[in-house]
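Comments concern the structure below.
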Amino acid sequence: MLHQTPPKRLGIFIAVLFALIGQSHANADSGKYQKVLQSVAWVITSNAENETSTGTGVLVDAEKKLLLTNSHVVGDSRKAVVFFPDSPGGKLAVRRKHYLKNILKLGIQGTVIAVDRRRDLALIELPKVPESVTAIKLAAESTTPGTKVDLVGNPGDSDILWVYTSGTVRSVYQKKFKSTHGEHDFMAVETQSPIKPGDSGGPIVDENGELVALAQSFSPQSALVSFCVDVTEIRQLLESPWKSAPLPTRVLLDEAGIEYTRHESGHYQIDQAIGNDVRQAVFVAKHTEYHGRADVRRIWSTVQSSGTAPEETLLMRLMRQNSATKIGSWAVEKNSDGYIVFFVAKLDATASDDALESTIDYVARLAGAMQKDLKPETSEASAEATLAAWLDMK
């Protein structure tokens, strides 16, 4: 005979069962958090203007001591201070001030050795890795919609580190977009989980604790919709030849011993000598430009501004010179104040100091010769106005 459980006893049984299941999931999440935590780092960088920013990173290769993060986390910094979790007395320290107070003991100075702005990824090489730290395991393939994922990050609006966040994958697709950090094009994992500034570069892991993506940004329309860089993009970066990260312009000029002043636009002005008591103003852009993995540094000099379009004879002369110039070309821009004639060169941003000096000298000499020939010569005031107007152009 089939015996039925009385309704009251059945209700108690079901409640206990759900409690046990919930406890099992909680234990599983806690164990996964502890596992992932062993690979996560807090990353602090400072740009050429000594502006500090923070983010998150994850160790992906223990043997090569490689930490993965976003390129927008490191910016134009080529050094980073990295902290891994510390557990004094067996208890995890989560306060930022604990790590800053013990920076000499806990801080590790890493070197940014590769950047991929298209994918918004960067690699930091560390001189050492603590014994308690292990490299995270990368998932073999992309995740799928509906998968439960978790993040361990360091949100900038919090006084604490190593924050755990859970969510669900909404979609996986190729995403091409522009952000305040540049142009991006990568396989994206869209999640329904909050990512905050400071979480960038944090590991997105699946139920096995394997890395399926890297936290990248969040939707401006919804704080619960976030975008992450898929593991296939991460694998391609790690398996391809790394491109050296270009130095910030100020650092490069300092190392080359080139004297400069800072223009109000933020770009760098070099008064290059091109003859006896003759100098030509040359400008080096404060930021590098890039397409894919090609980084270039823009160097230019303005020679004329006018309220009317350049005459045909001047345009033909500029075109003929463009066919003969070794580096760069002449260009004419139109803005609200009129027309601007300038010579611009774009140099590989990872080129040597000597290459930079030679390019500055070349731009100065061509621009100086053209400026001398053009009549009437521009006044100092109009040249300054021309520069400012051109720099304001988007």
Exercise. In degrees from 0 to 90, rounded to the nearest 10, what is the angle of the helix 353-373 Cα long axis to the longest principal axis of the chain?
Worked result: 40
Problem set entry | Residues of type lysines that Lys326 reaches as a straight line, Cα spacing below 29 Å, ignoring anything fewer than 8 places off in the same chain | Lys243, Lys286, Lys334, Lys346, Lys372, Lys375, Lys394
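Dividing the alpha-carbon radius of gyration of the chain by 2.2 N^0.38 Å (N being the number of residues), what value is obtained?
1.29
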Problem set entry | Positive-end extreme of charge dipole, the chain - chosen from Ser30, Ile274, Pro88 (charges on Cβ) | Ser30
For this session: Given the options Leu59, Leu253, Leu214, state which has the largest fluctuation in a GNM of the chain using a 10 Å cut-off (strictly under) for Cα springs.
Result: Leu253
Exercise. Summing Lys, Arg as +1 and Asp, Glu as -1, what charge do residues with Cβ under 13 Å from the Cβ of Ala62 carry, Ala62 excluded?
Worked result: 0
Exercise. Once you charge only the Cβ atoms, +1 for Lys and Arg and -1 for Asp and Glu, what is the size of the charge dipole of the chain about its Cα centre, to the nearest 20 debye?
Worked result: 1340
Problem set entry | Proximal lysines relative to Lys97, as straight alpha-carbon distance under 27 Å, when same-chain residues fewer than 8 apart are discounted | Lys32, Lys35, Lys65, Lys79, Lys105, Lys128, Lys196
Problem set entry | Within a Gaussian network of the chain (alpha carbon springs, distance under 10 Å), most fluctuating of Leu356, Leu92, Leu123 | Leu92
Problem set entry | Listed residues Ser71, Pro155, Leu100: farthest to the positive end of the dipole of the range 64-169 (Cβ charges) | Leu100
Problem set entry | Shape of the range 198-331, Cα gyration tensor, a/c cut at 1.5 | prolate
Problem set entry | Dimensions in Å of the range 133-248 - Rg and Dmax from alpha carbons | 14.0, 42
Exercise. Hey, what's the range 155-304 come to in accessible area per residue, 1.4 Å probe, Å²?
Worked result: 46
Exercise. So what's the angle, to the nearest 10 degrees on a 0 to 90 scale, between helix 380-392 and the longest Cα principal axis of the chain?
Worked result: 30
Problem set entry | Alpha carbon centroid spacing (whole Å) that separates the range 90-109 from the range 139-182 | 25
Exercise. For the chain, modelled as a Gaussian network with Cα springs under 10 Å, which listed residue fluctuates most, Ala355, Ala41, Ala345?
Worked result: Ala355
Exercise. With the contact rule set at Cα under 8 Å and sequence spacing of 6 or more, what percent relative contact order holds for the chain?
Worked result: 12
Seminar exercise, completed: Here the FRET efficiency for Ser142 versus Asp185, based on Cβ atoms and R0 = 25 Å and rounded to 0.05, is 0.95
Seminar exercise, completed: Rounded to the nearest 10 Å², the 1.4 Å probe accessible area of Phe343 is 0
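The values are calculated or read from the model by the stated rules, or taken from the named source; none is laboratory data. All figures in this text were calculated on a predicted structure; none of them were measured in a lab. Heads up, the Cβs are rebuilt from the backbone with ideal geometry, glycines too, and the neighbour counts pull from every protein chain shown. Each accessible area value is taken on the protein alone, full model and side chains, heavy atoms only, with ligands, DNA and RNA left out. Shrake-Rupley method; radii C 1.70, N 1.55, O 1.52, S 1.80 Å.
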